[in-house]
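Report on the structure given below.
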Amino acid sequence: MSNKTVTVIDNRTNQKYDFPILEPTMGADVVDISTFYQKTGMFTFDRGFTSTASCRSAITYIDGSKGKLMYRGYDISYLATKKTFLDTAYLLLNGELPSKERLEAYCKELKKRSFIHEGMKKLFDAFPDNAHPMAILSAGVSALSTFYFDHLDMDSPDEALEMANRIIAKIPTIAAFSYRYSQGLPVIYPDLNKGFVENFLYMLRGYPHHYIELKPIEIKALDTILTLHADHEQNASTTAVRVVASTRAHPYACISSGINALWGRAHGGANESVVRQLEMIGRVENVEKYIAKAKDPNDPFRLMGFGHRVYKNFDPRATILKNIQKELSEELNLDSELMAVAKKIEEIALNDEYFVSRKLYPNIDFYSGIILRALKIPKEMFAVIFVIGRTPGWISQWIELRNQDNIKIARPRQLYIGPKDRTPKE
Ligand code: SDX
């Protein structure tokens, strides 16, 4: 613990208050203000938590100015190009990359949990055909708690990993089933001879008793996309998971909360919004008009897939996806018109003072949607893909929170701006 402090002076009273500086392994120093109210009688204010560290974490490190992202000390470009999504999920959960044998054992662990209770199918039946898969997925994950009552003691490491494997294994099945129901198609059960990613594509696109050809490049592209989404420090949905977990809520409730938070179009729903926006813009000739709308302070229109709270330089995940797009454009004949519109937006925005001055660069969602579309994944399933990728990260963060000795329930205060006491006197 350093004896370095930050001193705050209240210039109304010249009273000085010292607060300790906490030094990280990497990144910005942190001022511990947990005694601020007790010492000063004042709250701090930080809309959107732009300058607030909510926890200690050893899982993911982001350097927004350098465009750097690491999971457990491994750079994202190493994991996305040299490892698989399941290597990464294992790394996030266990802190170390798996050996070949451990990875095989982990794959088997997930496969045997990939089926869901047949009673869950009645839940899918209850939804109208046009129900958004994210609504079904968050309900489905909550519903798991009514079918699987064991391994809920998250204070036990073994139980926590059992729960983690169960949720990671079942979410792709719930996701694929929800899509098949929405299309009135028969569900395709997990095939235990297939790998994690191949199985998901098979459950999404296959037909009973009919083998479908999945190109290795399709499986590799989706595997990479899931790896790139696996965790991302204390983003909005991870914060939601941690807040709900701090109340000691049910493990399934924590992950379901993360799904609902991710659904927002400012967050994980952006990949679907990007493709809808590209389709709406439609042609390269229309791009300038929409760039003007995005810059107009009186127009709520925003360029989806641009900007990031942390990355004020390029999003390293976007760079990796951009390279994949190039590789795939021939193999998977990516939609050339959509690509041309996206390219034009990028070209203009990256040289326009409005975007440059605000450090608005393309983020992961600007590129992922076009690739997912080429993998024949429907737009309404894009955020679901994000959930499948992010689940190991959410669970790792939640286990980390539970392993901290003094879990405090998340309960911020406020700057009250309402009416003074105006209760009529008796
Ligand atoms: C994800 O946090 C994470 O790590 C998230 C994520 C993860 O892996 O978990 O990385 C995944 O959510 C990526 C982001 C996906 N969302 C989008 O692409 C939606 C479009 N982007 C914006 O909504 C916005 O950029 C955010 C939400 C991503 C970031 O918002 P901030 O940090 O709160 O920034 P801000 O809204 O305060 O904007 C600062 C300025 C404002 O202009 P001024 O008021 O200074 O004049 O930039 C402008 C904004 O109007 N601005 C945009 C813009 N994004 C910000 N203007 C036009 N188009 C945009 N996309």
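For the reader, a short list of remarks on this structure follows.
- Equivalent ellipsoid semi-axes - Cα gyration tensor, the chain, angstrom: 37, 29, 22
- With Cα atoms, 0 to 90° folded angle of helix 85-94 axis to the chain main axis: 40
- Note, ³J(HN,Hα) from phi for region 109-123, Karplus 6.51, -1.76, 1.60, rounded to Hz, x at Gly and Pro: 4, 6, 4, 6, 9, 7, 7, 10, 4, 4, x, 5, 5, 5, 5
- The length gained on full extension between residue 44 and residue 25, counted as 0.36 nm times the residue separation minus their Cα-Cα distance, comes to 4.3 nm.
- Between region 1-75 and region 247-316, the Cα center-to-center distance that results, in Å: 28
- Among 416, 247, 117 - extreme Cα towards positive end, dipole of the chain, charges at beta-carbon: 416
- Here the gap between residue 152 and residue 100, fully extended at 0.36 nm per residue and compared with their Cα-Cα distance, gives a gain of 15.8 nm.
- Computed label-point distance, nm, for sites residue 207 and residue 421 using a 7 Å Cα→Cβ extension: 7.4
- What the Kirkwood sum gives for region 325-426 is a hydrodynamic radius of 18.8 Å, with every pair of different alpha carbons counted.
- Point-to-point label distance, residue 36-residue 288, nm (Cα→Cβ direction, 7 Å offset): 4.7
- To the nearest ten degrees, helix 236-246 and the longest principal axis of the Cα atoms of the chain are 70 degrees apart.
- Estimated FRET transfer efficiency when R0 is 22 angstrom, pair residue 302-residue 65 (beta carbons, to 0.05): 0.45
- The charge dipole of region 264-381, taken about the Cα centre with unit charges on the Cβ atoms of Lys, Arg (+1) and Asp, Glu (-1), comes to about 400 debye, rounded to the nearest 20.
- If R0 is 22 Å, the Cβ-Cβ spacing of residue 379 and residue 327 corresponds to a FRET efficiency of close to 0.50.
- Close amide-amide hydrogen proximity is noted between residue 69 and 63, 76, each under 5 Å apart and 5 or more residues distant or on a separate chain (H modeled in the peptide plane; Pro and chain starts excluded).
- Spin-label zone in region 370-409 - amide nitrogen under 19 Å from a point set 7 Å from the Cα of residue 131 along the C-beta vector: 378-385, 387-388
- For residue 162, solvent-accessible area (1.4 Å; no DNA, RNA or ligand), Å²: 40
- Toward the positive end of the charge dipole of region 329-368, with +1 on the Cβ of Lys and Arg and -1 on the Cβ of Asp and Glu, the farthest Cα among 368, 333, 348 is that of 348.
- Using a simple spin-label model with pseudo-atoms 7 Å out from Cα toward Cβ, residue 75 and residue 248 lie 4.5 nm apart.
- In a reduced charge model with +1 at each Lys and Arg Cβ and -1 at each Asp and Glu Cβ, the chain shows a dipole moment near 760 debye about its Cα centre.
- Subtracting the Cα-Cα distance of residue 220 and residue 112 from their residue separation scaled by 0.36 nm leaves 36.6 nm.
- Dipole magnitude of region 338-418, debye to nearest 20 (Cβ charges: Lys/Arg +1, Asp/Glu -1, about Cα centre): 260
- When 344, 326, 408 are compared by accessible area at a 1.4 angstrom probe, the order from most to least is 408, 326, 344.
- Cα long-axis angle, helix 196-205 against the chain (0 to 90 degrees, to the nearest 10): 60
- Net charge of the neighbourhood of residue 230, taken over other residues with C-beta under 13 Å away and scored Lys/Arg +1, Asp/Glu -1, is 0.
- Taking each of 108/379; 100/194; 68/312; 121/220; 112/194; 215/376 in turn, the alpha-carbon distance tops 20 angstrom for 108/379; 121/220.
- In the chain, the DSSP-assigned H stretches of four residues or longer account for a calculated mean residue ellipticity at 222 nm of -16000 deg cm²/dmol, using -39500 (n - 2.57) per stretch and the full residue count as denominator.
- Estimated FRET transfer efficiency (residue 347, residue 82; beta-carbon r; R0 22 Å; 0.05): 0.10
- Directionally averaged projected area (convex hull, Cα atoms, region 294-379), nm²: 6.0
- Per-residue SASA entry for residue 394, accessible area with 1.4 Å probe, Å² rounded to 10: 0
The values are calculated or read from the model by the stated rules, or taken from the named source; none is laboratory data. This is a predicted model, so every value here is computed, not measured. Virtual Cβ from ideal backbone geometry, glycine too; neighbours counted across all protein chains shown. Note: accessible area is taken over every heavy atom of the protein model, side chains too, but ligands, DNA and RNA are not part of it. Shrake-Rupley method; radii C 1.70, N 1.55, O 1.52, S 1.80 Å.
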